[in-house]
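Coordinate-derived values only; no laboratory data. Since the structure is predicted, the reported quantities are computational estimates derived from the model, not experimental observations. Cβ: placed from backbone, ideal geometry, glycine included. Neighbour counts: every protein chain shown.
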């Protein structure tokens, strides 16, 4: 029996402003924004990516390992924390690569012109003219007036939204290149909304018809006094909303106007649009793991005020891993790795650097899996903070 199609997300980067590293940032990671979308609507020989922050470097490495060279890359905007990864990604320097780059027109400069600006000396050592054959570009001028269609055989097409709406009313198939047409139920539809942020920024709403799921990515969005009807509609009924929550309310007193959000406004949009799950992202480069947890707990506390049963108070027993056998199993696995790596088990009576690295990686992986289970078990995963390399099923 064929399994039900899924819409899945891999978060390769969840920071804002600048990448960070160090022991205080290990749990949530330090890469800037990049995420990959998985769906049966996406051609198997290509990848759909949103933003190319520093996390895109690792994303590119993973795609190379799988032999994927066609990349459909959607940019929310052109700030450096969302573009820096393109300069160090292996695909950028491989002649087999086929990038389709889409993003907002800015200051009357189209996507091609923007790429030519930041991939050029003296900012970058290689001229874009040497790389441009690997890039095809598309610019969005009036954000919200076009939609993107993706089909596993038809590829990608962009059409005016009025044509899309008329096709739906008439019950007709969706148009693709080479005069091909496919049923809407086989397509992914991507809609756009202009966020509140310095310089033009796009929020993408992904309606995945094969799985029936809806995912909204709303980064770099400033608090507003009231929610507009447009943004409520944009997020309406989403199975998952991942939203910018860079600051808490106290920090926001000093950062208002920077174009970022706070936990109370994230929860407000979640409730107004009947969103099922909320992921917080674009963590400040000044926020360590504990600060991100504080912001997450503030969002949960606010949500609990409106829905006490949906967000029960955490008890001391919830911290007892013995109540969660699957978590305990992960910790036992980590312990086994450490015991099996005792120096006495090696002829040289000592661990090499490579062996230490392997042990550390295995233990970290086991503990990360345990944390995943803990995060999603508590509050049923309704509100959570995103972290680097987090895998999410929408």
**Request:** Sort 51, 388, 24, 289 so that the residue with the fewest other Cβ atoms within 10 Å of its own Cβ comes first and the one with the most comes last.
**Result:** 24, 289, 388, 51
**Prompt:** Going by the alpha-carbon gyration tensor, a ≥ b ≥ c the square roots of its eigenvalues, is segment 85-230 rounded (a/c under 1.5) or, if a/c is not under 1.5, prolate (a/b greater than b/c) versus oblate?
**Reply:** oblate
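Could you calculate the FRET efficiency of residue 21 with residue 393 from 1/(1 + (r/R0)^6), where r is the beta carbon distance between them and R0 is 35 Å, rounded to 0.05? Intermediate values should be presented prior to the final figure.
Working: r = 29 Å, r/R0 = 0.81.
The formula returns an efficiency of 0.75 here.
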**Asked** Got a sec? How would 34, 158, 386 order by Cβ neighbour count within 10 Å, fewest to most?
**Response** 158, 386, 34
**Request:** Decide, for segment 8-306, between rounded, prolate and oblate: order the square roots of the alpha carbon gyration tensor eigenvalues as a ≥ b ≥ c, take rounded if a/c falls under 1.5, and otherwise choose prolate if a/b is larger than b/c, else oblate.
**Result:** oblate
**Fill in**
Of 236-246, 65-75, 204-214, 300-310, ordering from highest average Cβ density within 10 Å down gives 236-246, 204-214, 65-75, 300-310
**Request:** State the antiparallel share, in %, of DSSP beta bridges confined to segment 172-303, rounding to the nearest 5.
**Result:** 65
**Message:** Starting from 0.36 nm per residue, how many nanometres of slack lie between residue 229 and residue 307 once their C-alpha separation is accounted for?
**Reply:** 25.8 nm
**Message:** Place a point 7 Å from Cα of residue 44 in the direction of its Cβ. Which residues in segment 3-26 have their backbone N less than 16 Å from it?
**Reply:** 3, 5-6
**Prompt:** Arranged by the count of other C-beta atoms within 10 angstrom, fewest first, what order do 219, 92, 145 take?
**Reply:** 145, 92, 219
**Request:** Could you order peptides 96-102, 9-15 by the average number of other Cβ atoms within 10 Å of their residues, highest first?
**Result:** 9-15, 96-102
**Simple label model, 7 Å out from Cα along Cβ direction - residue 65 to residue 124, nm** = 2.5
**Message:** For segment 47-143, what does the convex hull of the Cα positions come to per residue, in cubic angstrom?
**Reply:** 86
